[in-house]
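K.L.:
One structure, pasted below without further comment.
Please treat every number below as a calculation from the coordinates, not as lab data. Everything numeric in this text was worked out from a predicted model, so none of it was measured. As a convention, Cβ positions derive from the backbone with ideal geometry for all residues, glycine included, and neighbour counts pool all protein chains shown.
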Amino acid sequence: MTETPHTTQSSFRRAGVIGWPVDHSLSPRVHGFWLRQYGIDGEYVRIPVPPEDFARQLKNLRIDGFVGANVTVPHKEAALAGVDEVHPLAQRIGAVNTVVVREDGSLYGFNTDGFGFLENLKAGFADFSASAGPAVILGAGGAARAVIVALLDAGAPEIRLLNRTKERAEQLADQLSGIGSGVVLVGDWNKRADYLDGASLLANTTTLGMKGQMPLDIDLSALPQTALVNDIVYAPLETDLLARARARSNPTVDGLGMLLHQARPGFEAWFGRMPEVTEALRQHVLAGV
Ligand code: ATR
């Protein structure tokens, strides 16, 4: 990493996102917008790092002049193992997406994906409460894990977990049992519509509905009209799932907000100010999708 003249100024702070590949990451757009908005002397850069170099790059963050970094695919699990101290929530999720270089040079890792998920729902639907009733979660990947931990932590009584590969859902349910007082039940992907009865939340964490993928095929007839429907896919912003939910008057929240809200705690830790998610930020980030 080449030094810039900035690093000699005491107020200048540098953060970034470590991934492989990392070209498509929208995080520089998000943090760059906030740095300009708040007039903060800093930068947020892309840090492309292949898996074999990750551990070394993480240890070198401070030497390279970073106050911290986001960590994205495929390094989130390696980051959990590579930091000096892990926040208990990140431990439960099994992944670190935000790293802070502390004064003494040690690395502190936490995970803001669950925070981003819940904050997005609350921002988009004021009446949202995780404890209101059962949540149907589609998918059992890394995103589902963060979402389920967040919901259980927030008092969700029941998670109905449905995934094409059922064993993966069963594994996840086993790992997550015991968080909060809620239960995680695994159902059949092929009968997914049957699990919507009485649900207060339906969230898609699969890649179905994303640009270039097949739409998510699910019959919503059994879903109560009061249930909140969320898709973590944000390209397109209005997925087929959200359009169909809206057409039958369910409240809906799109996936862009999760990306924006999950970025807030890292920005606060590195740059000293808790940033806001505004319509101007949404439009700025959408222009880069
Ligand atoms: P992430 O970590 O971002 O959540 P992931 O681990 O790749 O991503 O998970 C993608 C999710 O989308 C998985 O739940 C996957 O189901 P499988 O576990 O069966 O692979 C789901 N998914 C992807 N394509 C799918 C499809 N065509 N039909 C059903 N589910 C699909």
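K.L.:
What does the convex hull of the Cα atoms of the stretch 99-182 come to per residue, in Å³, rounded to a whole number? Don't skip to the end; give the middle numbers.
P.N.:
Working: hull volume 9.8 nm³, N = 84.
Output value, Cα hull per residue: 116 Å³.
K.L.:
With a cut-off of 18 Å, note down the residues of the stretch 145-168 whose backbone N falls inside the zone around a label point 7 Å from the Cα of Gln213 toward its beta carbon.
P.N.:
145-148, 161-168
K.L.:
If each residue of separation counts as 0.36 nm, what is the full-extension length gain between Ala222 and Arg62 once their alpha-carbon separation is subtracted? Provide the component values of the computation, followed by the final result.
P.N.:
On the way: separation 160, 0.36 × 160 = 57.60 nm, distance 5.29 nm.
Result for the pair: 52.3 nm of gain on full extension.
K.L.:
Let me ask something additional. How are the alpha carbon pair distances in the stretch 70-147 distributed across 5 Å bins from zero to the largest one, expressed in percent?
P.N.:
Bins of 5 Å from zero give 3, 15, 22, 21, 16, 11, 8, 3, 1 percent of pairs.
K.L.:
For the stretch 1-141, what mean projected area does the convex hull of the alpha carbons give, in nm²? Let's see the in-between values first.
P.N.:
Working: hull surface 41.9 nm².
Taking the Cα atoms of the stretch 1-141, their convex hull projects to 10.5 nm² on average.
K.L.:
In whole Hz, with x marking every Gly and Pro, tabulate ³J(HN,Hα) for the stretch 71-80 from phi via Karplus 6.51 cos²θ - 1.76 cosθ + 1.60, θ = phi - 60°.
P.N.:
Whole-Hz 3J(HN,Hα) from phi for the stretch 71-80: 10, 10, 3, x, 9, 5, 6, 5, 5, 4.
K.L.:
Translational D (Stokes-Einstein, µm²/s) of the chain at 20 °C and 1.002 mPa s when Rh comes from the Kirkwood sum over C-alpha pairs? Before the final figure, lay out each step's value.
P.N.:
On the way: Rh = 19.7 Å.
Result for D is 109 µm²/s.
K.L.:
Among bridges DSSP assigns within the chain, what percent are antiparallel (round to 5)? Walk me through the intermediate numbers first.
P.N.:
Working: 7 of 41 bridges.
Antiparallel bridges make up about 15 percent of those DSSP assigns within the chain.
K.L.:
On to the next question. Tell me the label-point distance for the pair Ala193, His24, using the 7 Å Cα-to-Cβ offset, in nm and rounded to one decimal.
P.N.:
So the two model labels end up 3.1 nm from each other.
K.L.:
With just the Cα atoms defining each centre, how far is the stretch 42-77 from the stretch 90-141? Give it in Å.
P.N.:
Distance between centres, Cα-based: 20 Å.
K.L.:
For the chain, calculate the relative contact order in percent as a whole number, restricting contacts to Cα pairs under 8 Å that are 6 or more residues apart.
P.N.:
Details: 580 pairs, mean separation 45.2, N = 289.
Relative contact order comes out at 16 percent.
K.L.:
Further, regarding this structure: Binned at 10 Å from 0, what are the whole-percent values of the Cα-Cα distance distribution for the stretch 114-257, short to long?
P.N.:
It works out to 13, 48, 36, 3, in whole percents.
K.L.:
Once amide H atoms are placed 1.01 Å from N in the peptide plane, what residues at a sequence separation of 5 or more from Arg14, or on another chain, have their amide H within under 5 Å of its amide H?
P.N.:
Glu43, Val67
K.L.:
How large is the dipole of the chain about the Cα centre if only Lys and Arg carry +1 and Asp and Glu carry -1, each at its Cβ, rounded to the nearest 20 debye?
P.N.:
Working: 26 positive and 32 negative charges, 60 e Å.
The dipole of the chain has a size of about 300 debye.
K.L.:
Report, by chain and number, residues whose modeled amide H sits under 5 Å from the one on Arg164, excluding near sequence neighbours (fewer than 5 apart, same chain).
P.N.:
Here Gly139 satisfy the definition.
K.L.:
Moving on. Percent relative contact order of the stretch 114-257, based on C-alpha pairs within less than 8 angstrom and at least six residues apart?
P.N.:
23 percent.
K.L.:
Would you mind checking the stretch 245-276 for residues with the amide N under 19 Å from a putative spin-label position 7 Å along Cα→C-beta of Gln37?
P.N.:
Residues passing the 19 Å test: 254-276.
K.L.:
Give me the percent relative contact order of the stretch 27-171, please, defined on Cα pairs under 8 angstrom at least 6 residues apart.
P.N.:
On the way: 187 pairs, mean separation 21.7, N = 145.
Relative contact order for the stretch 27-171 comes out at 15 percent.
K.L.:
So what's the net charge close to Pro51: Lys and Arg +1, Asp and Glu -1, counting the other residues with Cβ under 13 Å from its Cβ? Working shown, then result.
P.N.:
Numbers: positive: Arg56, Lys76; negative: Glu52, Asp53, Glu77.
In short, -1.
K.L.:
Sticking with this structure for a sec: For Lys122, go through the aspartates and glutamates and keep the ones whose alpha-carbon is under 13 Å away, minus same-chain ones fewer than eight residues off.
P.N.:
Asp254
K.L.:
Round to the nearest 0.05 the FRET efficiency obtained for Leu286 and Ala126 when R0 = 22 Å and r is the Cβ-Cβ distance.
P.N.:
Numbers: r = 23 Å, r/R0 = 1.04.
So the FRET efficiency works out to roughly 0.45.
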